[in-house]
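Written out below as structure tokens is the structure these notes cover.
The values are calculated or read from the model by the stated rules, or taken from the named source; none is laboratory data. Please read these numbers as outputs of a predicted model, since none were measured by experiment. A quick note on method: Cβ atoms are made from the backbone with ideal geometry, for glycine too, and the neighbour counts reach across all protein chains shown. When the accessible area is computed, the model is the full protein with side chains, heavy atoms only, and any ligands, DNA or RNA have been set aside. Shrake-Rupley method; radii C 1.70, N 1.55, O 1.52, S 1.80 Å.
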Amino acid sequence: MTADTAKEADTTPAATPPWRPALAPAVHFRHDRVRDADLLVLPERVVVLRGTAGEILRLCDGIRDVDAIVADLAGRFPGAPVATEVPAFLGRLRREGWLR
């Protein structure tokens, strides 16, 4: 390693660990049997989840990273655009503060 490459190595930012989404502490996931719908229960608000949103959020356990969630869903829903749509969906929920 030359002095120049050592200098470059020192200024290279460290890789961030993969995001392992989990529900924020004040957010609870529930299934409403009456409505037959998955819900996010937030302080003073309830969000009714549609489509496969509940399937996605069930996998957000803080253990699986986004790539593992996408791989699981790709196996369940072959041909669906999960590689692009799931990370975008999770990102929106993170910006809302519903996922950490």
#### Entry: Residue that is farthest from Asp38 (Cα to Cα) [pool: residues in region 63-100 that are open to solvent by 30 Å² or more (accessible area, probe 1.4 Å) and in contact with a strand residue (DSSP E or B) (Cβ under 8 Å, 6 or more places away or on another chain)]
Arg100
### Summary
Counting only residues that are in contact with a helix residue (DSSP H, G or I) (Cβ under 6 Å, 6 or more places away or on another chain) and touching a residue at least 40 places away in the same chain (Cβ under 8 Å), region 48-89 contains a total of 1
### Query
Any residue in region 11-18 that is within 23 Å of the chain's Cα centre (by Cα), within 19 Å of Val86 (Cα to Cα) and modelled with pLDDT of 95 or more?
yes
### Query
Do the conditions hold for Thr16, that is, is it among the polar types (S, T, N, Q), open to solvent by 60 Å² or more (accessible area, probe 1.4 Å) and either in contact with a Pro (Cβ under 6 Å, 6 or more places away or on another chain) or part of a loop (DSSP other than H, G, I, E, B) (or both)?
yes
### Query
Of the residues that sit in region 28-41 and are in contact with a His (Cβ under 8 Å, 6 or more places away or on another chain) and touching a residue at least 12 places away in the same chain (Cβ under 8 Å), which one is farthest from Pro18 (Cα to Cα)?
Ala37
